[in-house]
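Q: One structure, pasted below without further comment.
The values are calculated or read from the model by the stated rules, or taken from the named source; none is laboratory data. Since we're looking at a predicted model, the values are computed, not measured. Because the Cβ atoms are built from the backbone with ideal geometry, glycine has one as well, and the counts that use them run over all protein chains shown. Surface areas here come from the heavy atoms of the whole protein model, side chains and all, with no ligands, DNA or RNA. Shrake-Rupley method; radii C 1.70, N 1.55, O 1.52, S 1.80 Å.
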Amino acid sequence: QVQLVESGGGLVQAGGSLRLSCAASGSILSINVMGWYRQAPGKQRELITTITAGGYTNYADSVKGRFTISRDNAKNTVYLQMNSLKPEDTAVYYCNLDQGGIRYWGKGTLVTVSS
């Protein structure tokens with residue numbers, strides 16, 4: 001079993017920054033991919049960024065240049081540094097981990113960006 005716990009969400013003004021964290025615990029394999037999704041009110045959940053255990057990253061165009069994903073493999077933790085936040089970034093942010101053909105999810109953390 002794998003558990004993911006996100007933290008760091010909150011309310012921020014447009015142009016501000018937040019850093020999200022996601023700690024994974026349980027049976028974590030050395031080969032996995034971790035990522036962040038988000039779901040805005042009334043919209044589908046969308047993938048915004050992923051990072052492999054080796055540090056290879058991918059970003060959605062909507063966050064490229066503003067958001068940075070990183071991970072600490074020793075702590076089984078992934079981070080999302082969010083800069084230049086916009087009101088349209090308001091959403092529940094979910095951490096996920098893909099390993100062994102199984103996808104695990106955290107419960108999400110709310111990010112609200114005021115204009």
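Q: Roughly how many debye, to the nearest 20, is the charge dipole of the chain about its Cα centre, given +1 on each Lys and Arg Cβ, -1 on each Asp and Glu Cβ, and no other charges? Walk me through the intermediate numbers first.
A: On the way: 11 positive and 7 negative charges, 10 e Å.
Computed about the Cα centre, the dipole is about 40 debye.
Q: Quick check: pseudo-label points 7 Å beyond the Cα along Cα→Cβ at SER62 and ALA40, how many nm apart are they?
A: If labels sit at SER62 and ALA40, their model points lie 0.5 nm apart.
Q: A further question on this structure: Enter the accessible area of SER30 (Å², nearest 10), with the probe set to 1.4 Å and all protein chains included.
A: The accessible area comes out at roughly 100 Å².
Q: Right, next: Based on the Cβ-Cβ distance from LEU29 to SER115, what FRET efficiency comes out when R0 is 30 Å, to the nearest 0.05?
A: With a Förster radius of 30 Å, E is 0.10.
Q: Would you compute, for the Cα atoms of the chain, the largest minus smallest coordinate along each principal axis and list the three values in descending order, in whole Å?
A: Principal extents (Cα only, largest first): 41, 25, 22 Å.
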